[in-house]
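Student: My structure is below; once you've seen it, I'll send some questions.
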Amino acid sequence: MIASLRGTVAHASGSTVVVEVGGVGYRVSVTPQLALTLAVGSTAHLHTAMIVREDDMSLFGFVSLDELEVFDLLRGVTGVGPKSALGVLGHLTPAQVATAVAAEDDAAFRRVSGIGPKTAKLITVQLAGKLDIRIQAPTVTAASTTAADVLVALSGLGWSERDAQKAIDEVLEDGDTSVTTAVPALLRAALTRLGPQR
């Protein structure tokens, strides 16, 4: 079992990276957002899940243990394979997954390519009570639920999840509840922080 990799990024494209460790290149499936952050020649440390099938052996990589934990839980849901689980984490953070499950919000999962209405509902039902409270803790306030919606909106407008999350966090740190608990107000404030798209 390969549980983690630390090595030099030899290749990064789409949703695949090759991490060279001790002269051996490991091909790892990652989210497109993560692939964009891994520059060739840089050092990467990935927590990995090794999926062994009769005709295939694949590695899926994540920067945090929370992502790996949610990935493993998603794979346990009927109808969700590793690629679909990775797709969910390409659209939602572990905290957002926990929020959606706690709120029984299957719409959050229906937005993911390859996840149909039935499977989305199964995710909320089968993961209920299984997500670590540490992941759920930041998601119980109205402000953080609003932030999750704004993050999805900004991603839909073309912003990277990392830049969008940074802008949202900066607005939330100001502590103005009239902004942080209303989606339109938080979206406008985050867009102001982000400035014009380049």
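The values are calculated or read from the model by the stated rules, or taken from the named source; none is laboratory data. This one's a predicted model, so the numbers in the text were calculated from it and none came from an experiment. A quick note on method: Cβ atoms are made from the backbone with ideal geometry, for glycine too, and the neighbour counts reach across all protein chains shown.
Student: Can you name the residue in the stretch 113-134 that is of a type in the set (Val, Ile, Thr) and either buried (at least 21 other Cβ atoms within 10 Å of the Cβ) or at pLDDT 90 or above (or both) and is also farthest from LEU59 (Cα to Cα) among such residues?
Tutor: VAL125
Student: Here is a further query. For residues that are loosely packed, with under 15 Cβ neighbours inside 10 Å and under 21 Å from the mean Cα position of the chain (by Cα), tally how many sit in the stretch 17-35.
Tutor: Number of matching residues: 1.
Student: Would you mind finding the one in THR43, THR37, THR31, THR78 that is more than 21 Å from PHE109 (Cβ to Cβ), β-branched (Val, Ile, Thr) and touching a residue at least 40 places away in the same chain (Cβ under 8 Å)?
Tutor: THR37
Student: Another question about this same structure. Quick one: which residue in SER13, SER29 is modelled with pLDDT of 95 or more, farther than 14 Å from ILE123 by Cα and among the polar types (S, T, N, Q)?
Tutor: Matching residue, one of SER13, SER29: SER29.
Student: While we're looking at this one, here's another question. For residues that are of a type in the set (D, E, K, R) and over 18 Å from the mean Cα position of the chain (by Cα), scanning just the stretch 113-132, find the one that is nearest to HIS91 (Cα to Cα).
Tutor: By that ranking, first place goes to LYS121.
Student: Of the residues PHE71, PHE109, which is assigned to a helix (DSSP H, G or I), aromatic (Phe, Trp, Tyr) and either out of contact with any strand residue (DSSP E or B) (no Cβ under 7 Å at 6 or more places or on another chain) or modelled with pLDDT under 90 (or both)?
Tutor: PHE109
Student: Checking LEU46 against (1) at positive phi; (2) in contact with a Gly (Cβ under 6 Å, 6 or more places away or on another chain), which test does it fail?
Tutor: Condition not satisfied by LEU46: (1).
Student: Could I ask something else about it? Hey, among the residues in the stretch 51-67 that are in contact with a Ser or Thr (Cβ under 9 Å, 6 or more places away or on another chain) and in a helix (DSSP H, G or I), which one's surrounded by the most Cβ atoms within 10 Å (Cβ to Cβ)?
Tutor: Among those residues, the one meeting the criterion is GLU67.
Student: State yes or no: is VAL101 in a loop (DSSP other than H, G, I, E, B), at pLDDT 90 or above and crowded, with 16+ Cβ neighbours inside 10 Å?
Tutor: For VAL101, the condition - in a loop (DSSP other than H, G, I, E, B), at pLDDT 90 or above and crowded, with 16+ Cβ neighbours inside 10 Å - is not met.
Student: Based on what the data block shows, is VAL70 more than 15 Å from SER29 (Cβ to Cβ), crowded, with 19+ Cβ neighbours inside 10 Å and outside the structural domain of THR31 (by TED's automatic domain parsing)?
Tutor: In short, yes.
Student: Mind listing just one residue for me: the one in the stretch 135-176 that is among the β-branched types (Val, Ile, Thr) and part of a loop (DSSP other than H, G, I, E, B) and, of those, modelled with the lowest pLDDT?
Tutor: VAL140
Student: Note down all Cβ pairs under 8 Å where the first residue falls in the stretch 93-104 and is of a type in the set (S, T, N, Q), the second is outside any helix (DSSP H, G or I), and they're at least six residues apart or on different chains.
Tutor: Listed by first residue and then by second, the contacts come to THR99/ASP105.
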